[in-house]
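Novice: There's a structure below that I have some questions on.
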Amino acid sequence: AYMRDTGDPKTAEGGQIEWGYYEETNPRLCHPRDLLEKDQARLSPSQRDLDMDQILAPLERAMELTPILGELGYNESHSFNGLLQVTTDGGPSMGESQKVRGLWYAVAIWVKDGPGMGKLIADWMTDGRTSIDHHAIDYARFYPHQTQEQFIWDRCTETAMKVYNPAVHPREPFSKGRDIRRSPFWEREKELGGYFMELGGWERAHGYAANEHLLEKYGNRVPVREDEWDNRHFWRVSNAEHLAMSEDCGIVNLSHFSMYDVEGPDHVALLEWLCAAKIGGDNNIGKGIYTHFLDEEGMVRADFTVIRMADRCRVIDGADAGPRDFRYMQRTAQDKGFDVTVTDVTEKYVTIGIWGPNARATLQKVVENPEGLIQENFP
């Protein structure tokens, strides 16, 4: 709840007291299609009418806190339900449409952010880039499943419940819209007691109960987080797993990584334009090239791995950056006139990371040609 004096600050008159409250347990979501037109709304489309019955319980609580409210009376004509725009991840949504060139969005922007966001979107539309990193608010950050109506409704409901409900931990996972994407190893990870969080729709294990014996093995080498807040949504076993992997070998399921095939006559030319590292040349065929992904000003957009094949390149990108980089590659190809096709193959393949001093020897045990992995053949 909040209260503020609505009097004229230029005079000594106090005016009226404005009070409000937030329904954190059962927010009144309004579908965009249910918004009134400007000429239909009594106040404005974002200010829906409220009658006394709807606000009686919170008003009684407000009068307990500030008894003078009961003496001043209640002006129902000035009462309204002010709508707040929320998104599925709680942030603003700005940028060019993923489907229509030249259609730009700037939504879920609150009053305090308006001037800065106006400058940002103006720069973005005119110059193609902004002076600050905009990845967290980019409209292109959403995967297709995150633009489905039911997903949006469920996640926005949860977001609305958390906006004014302190304190929401930055690592706190969403409970709605889960179990949408699972890797082929999900069942096995579940058997191992995986502690799952979600990224890009993927259920991703952040540690395994089956490895908790490592906590005893490494003892005080595993840091202890003393504060309860610091321990939320964190599993100490993951630090022990890291130590074990650094001494021997570990397998990490990276199936949440986005994966795109870039094909066509100009596929190498496109990636040469976008990447800091050398992609072209016959010597790179069959190799994986870790590189920065740049914009026209040479600024870093992301980092990813390019697998150079004879007829195509496969880009392995982070789950969080995937949709933005996918769209940027497509738009760059269009703008530069490159004859390429960019295809999302994330769900056709999996990504497995094998790390540690014994990674090479471990992998040699399961491949058809172990000699292909010796230092001379696979440096």
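Novice: Residue 291 fails exactly one of the following numbered conditions: (1) among the β-branched types (Val, Ile, Thr); (2) free of Cβ contacts under 8 Å to residues at least 24 places away in the same chain; (3) under 22 Å from residue 124 (Cβ atoms). What is the number of that condition?
Specialist: Unmet for residue 291, out of (1) among the β-branched types (Val, Ile, Thr); (2) free of Cβ contacts under 8 Å to residues at least 24 places away in the same chain; (3) under 22 Å from residue 124 (Cβ atoms): (3).
Novice: Among the residues in region 108-121, are any touching a residue at least 40 places away in the same chain (Cβ under 8 Å) and either in contact with a Leu (Cβ under 9 Å, 6 or more places away or on another chain) or surrounded by 13 or more Cβ atoms within 10 Å (Cβ to Cβ) (or both)?
Specialist: no
Novice: For region 163-256, give me every one of the strands (runs of 3 or more DSSP E) that falls completely inside it and has 3 or more residues that are within 23 Å of residue 362 (Cα to Cα) and in contact with a strand residue (DSSP E or B) (Cβ under 8 Å, 6 or more places away or on another chain).
Specialist: It comes to 202-208, 250-253.
Novice: Out of all the residues in region 241-274, which are surrounded by 17 or more Cβ atoms within 10 Å (Cβ to Cβ) and among the hydroxyl-bearing types (Ser, Thr, Tyr)?
Specialist: Passing the criteria: 255, 258, 260.
Novice: At least 3 residues that are within 30 Å of residue 297 (Cβ to Cβ) in each: list the strands (runs of 3 or more DSSP E) lying fully within region 59-161 that qualify.
Specialist: 93-96, 104-107
Condition check ((1) surrounded by fewer than 12 Cβ atoms within 10 Å (Cβ to Cβ); (2) in the same structural domain as residue 317 (by TED's automatic domain parsing); (3) modelled with pLDDT of 95 or more) across all residues:
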{"residue": "147", "(1), (2), (3)": "no, no, no"}
{"residue": "172", "(1), (2), (3)": "no, no, no"}
{"residue": "187", "(1), (2), (3)": "yes, no, yes"}
{"residue": "194", "(1), (2), (3)": "no, no, yes"}
{"residue": "202", "(1), (2), (3)": "no, no, yes"}
{"residue": "208", "(1), (2), (3)": "no, no, yes"}
{"residue": "217", "(1), (2), (3)": "no, no, yes"}
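Novice: While we're looking at this one, here's another question. Can you find even one residue in region 49-69 that is under 22 Å from residue 108 (Cβ atoms) and without any contact (Cβ under 8 Å) to a residue 40 or more places away in the chain?
Specialist: no
Novice: Of 43, 84, 29, 50, which residue is more than 24 Å from residue 112 (Cα to Cα), modelled with pLDDT under 90 and among the aliphatic types (A, V, I, L, M)?
Specialist: Checking each option against the conditions leaves just 50.
The values are calculated or read from the model by the stated rules, or taken from the named source; none is laboratory data. The shown structure was predicted, so the numbers you read here are calculated from the model rather than taken from an experiment. Reconstructed Cβ throughout: ideal geometry from the backbone, glycine too, with neighbour counts over all protein chains shown.
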